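Student: Attaching a single structure in structure tokens format; questions to follow.
The values are calculated or read from the model by the stated rules, or taken from the named source; none is laboratory data. Source: prediction; values computed, not measured. Cβ sites come from the backbone with ideal geometry, for glycine too, and all protein chains shown count toward neighbours. Only protein heavy atoms, including side chains, enter the accessible area calculation; ligands, DNA and RNA are left aside. Shrake-Rupley method; radii C 1.70, N 1.55, O 1.52, S 1.80 Å.
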Amino acid sequence: MAYIYMPWLFLIQILVLLGKSKAKVPAVIVFGDSSVDSGNNNQIPTIAKSNFVPYGRDFFGGRPTGRFSNGRIPPDFISEAFGLKPTIPAYLDPTYNISDFATGVCFASAGTGYDNATSDVLGVIPLWKEVEYYKDYQKKLKEYVGNEKAKKILSESLYLISVGTNDFLENYYTLPNRQSQFTVEQYQDFLIGLANNFILTIHGLGARKISLTGVPPMGCLPLERTVNIFDHDCVAEYNNVALEFNGKLKSLVAKLNKELPGLKLVFANAYDIFLQIVKRPSTFGFDVASVGCCGTGLFEMSYMCDPQSPFTCSDANKYVFWDSFHPSEKATQIISNYLIKNFLAKFL
């Protein structure tokens, strides 16, 4: 029974760390995919959207924001834990401006990947374009606070990167092009090269404190379990690929920390805690881990999460997953607290 209280123990430990440490980051800056997109896709023509109910029903005010969750997502919890605002706004959201973005901003786009071909699948923002938005943000920040203060904010901010899952599940394993060019091992290496170049780019633009999140146990996402027609268990092949890819990301982190001056890059490994929650849900206070809360939970996400569906669960806190691809707010908070305690605490 003691394990049920693990999330609260994590939170207490985080607050203790915050109380003891004088170190603070001035802002949280986010790059990535739907795991961290707070609403940028609302502003582009794509089907990869979630700015409608039942998404956001447990968010502040019960409103959908474009987050692929019933509530908040990892950057929100991380920002709050670091003593900043409880939500990170999307850069393309016209209701915000540079005064809001000065302490936190999100450039992420649901459906994107390291591979430009992945962003093409659903017509979303490629990673290189997220960087272009970041450059635009830098200019606005310098105009807002002045060159010196902007430079300080940019160098001392915490940068969160969460991307990669779509490259495998949306692109490599779904479409023929990359499979005809690469074995899965070669494709992993191709992505590592792109990750390397991306980090070199943002480091060159001033980023120094960077968290690189690995991919989760992809085979345990409800959608993948649904199409695993033999036993509806986690797809072992996908989980093995995730482990292999995460190992290569960890090696990349070690290499770049040696090569790039002033860089503090951490590999934030969410795989283990995510798998523990899926395999032992009751230990963490969940009832259901095989399907999502939205609709039947078997395959629904984005527009298939019909607000009129009679099957959507009444209490998302009982579910590890909100839709067939994304964790519920409760699971997200547990994972975020774990990452803060075990990987991001060094930035406090």
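Student: Can you tell which of 196, 166 is surrounded by 22 or more Cβ atoms within 10 Å (Cβ to Cβ), assigned to a helix (DSSP H, G or I) and touching a residue at least 24 places away in the same chain (Cβ under 8 Å)? Spell out the reasoning first.
Tutor: On the way: 196 fails: surrounded by 22 or more Cβ atoms within 10 Å (Cβ to Cβ).
It is 166.
Student: Here's something else I'd like to know. Does residue 38 meet the test of being touching a Pro at 6+ places or on another chain (Cβ under 8 Å) and either assigned to a loop (DSSP other than H, G, I, E, B) or open to solvent by 30 Å² or more (accessible area, probe 1.4 Å) (or both)? Can you show your working first?
Tutor: On the way: touching a Pro at 6+ places or on another chain (Cβ under 8 Å): yes; either assigned to a loop (DSSP other than H, G, I, E, B) or open to solvent by 30 Å² or more (accessible area, probe 1.4 Å) (or both): yes.
It is true that residue 38 is touching a Pro at 6+ places or on another chain (Cβ under 8 Å) and either assigned to a loop (DSSP other than H, G, I, E, B) or open to solvent by 30 Å² or more (accessible area, probe 1.4 Å) (or both).
Student: Here's a check for you: in the range 260-313, which residue that is among the β-branched types (Val, Ile, Thr) and at pLDDT 95 or above is surrounded by the fewest Cβ atoms within 10 Å (Cβ to Cβ)? Full working, then the answer.
Tutor: Going residue by residue through the range 260-313, those that are among the β-branched types (Val, Ile, Thr) are 266, 273, 277-278, 283, 288, 291, 296, 312.
Within this subset, residues satisfying the condition of being at pLDDT 95 or above are 266, 273, 277-278, 283, 288, 291, 312.
Values: 266: 20, 273: 21, 277: 24, 278: 24, 283: 14, 288: 16, 291: 24, 312: 23.
If we take residues in the range 260-313 being among the β-branched types (Val, Ile, Thr) and at pLDDT 95 or above, then 283 is surrounded by the fewest Cβ atoms within 10 Å (Cβ to Cβ).
Student: Anything in the range 77-112 that is hydroxyl-bearing (Ser, Thr, Tyr) and over 24 Å from residue 46 (Cβ atoms)? List them, or say none. Full working, then the answer.
Tutor: Filtering the range 77-112 for residues hydroxyl-bearing (Ser, Thr, Tyr) gives 79, 87, 91, 95-96, 99, 103, 109, 112.
Within the range 77-112, 79, 99, 103 meet the criteria.
Student: Is it the case that some residue within the range 116-133 is open to solvent by less than 10 Å² (accessible area, probe 1.4 Å) and on the phi > 0 side of the Ramachandran plot?
Tutor: no
Student: Quick one: which of 112, 87 is in contact (Cβ under 8 Å) with a residue 40 or more places away in the chain, among the β-branched types (Val, Ile, Thr), under 25 Å from residue 250 (Cβ atoms) and in a loop (DSSP other than H, G, I, E, B)?
Tutor: On the way: 87 fails: under 25 Å from residue 250 (Cβ atoms).
Criteria check complete, one pass: 112.
Student: Pairs, please: C-beta under 6 Å, at least 6 apart or cross-chain, first residue closer than 14 Å to residue 246 by Cβ and in the range 178-191, second of a type in the set (Ser, Thr, Tyr) and open to solvent by less than 90 Å² (accessible area, probe 1.4 Å)?
Tutor: 191/114
Student: Here is a further query. Taking the range 273-322 as the search range and keeping residues that are among the aromatic types (Phe, Trp, Tyr) and assigned to a loop (DSSP other than H, G, I, E, B), which one is farthest from residue 233 (Cα to Cα)? Walk me through how you get there before you give the answer.
Tutor: Taking the range 273-322 as the starting set, the residues that turn out to be among the aromatic types (Phe, Trp, Tyr) are 274, 284, 286, 299, 303, 311, 319, 321-322.
Add one more test, that the residue is assigned to a loop (DSSP other than H, G, I, E, B), and what stays is 286, 299, 311, 322.
Values: 286: 18, 299: 15, 311: 22, 322: 18 Å.
The selected residue is 311.
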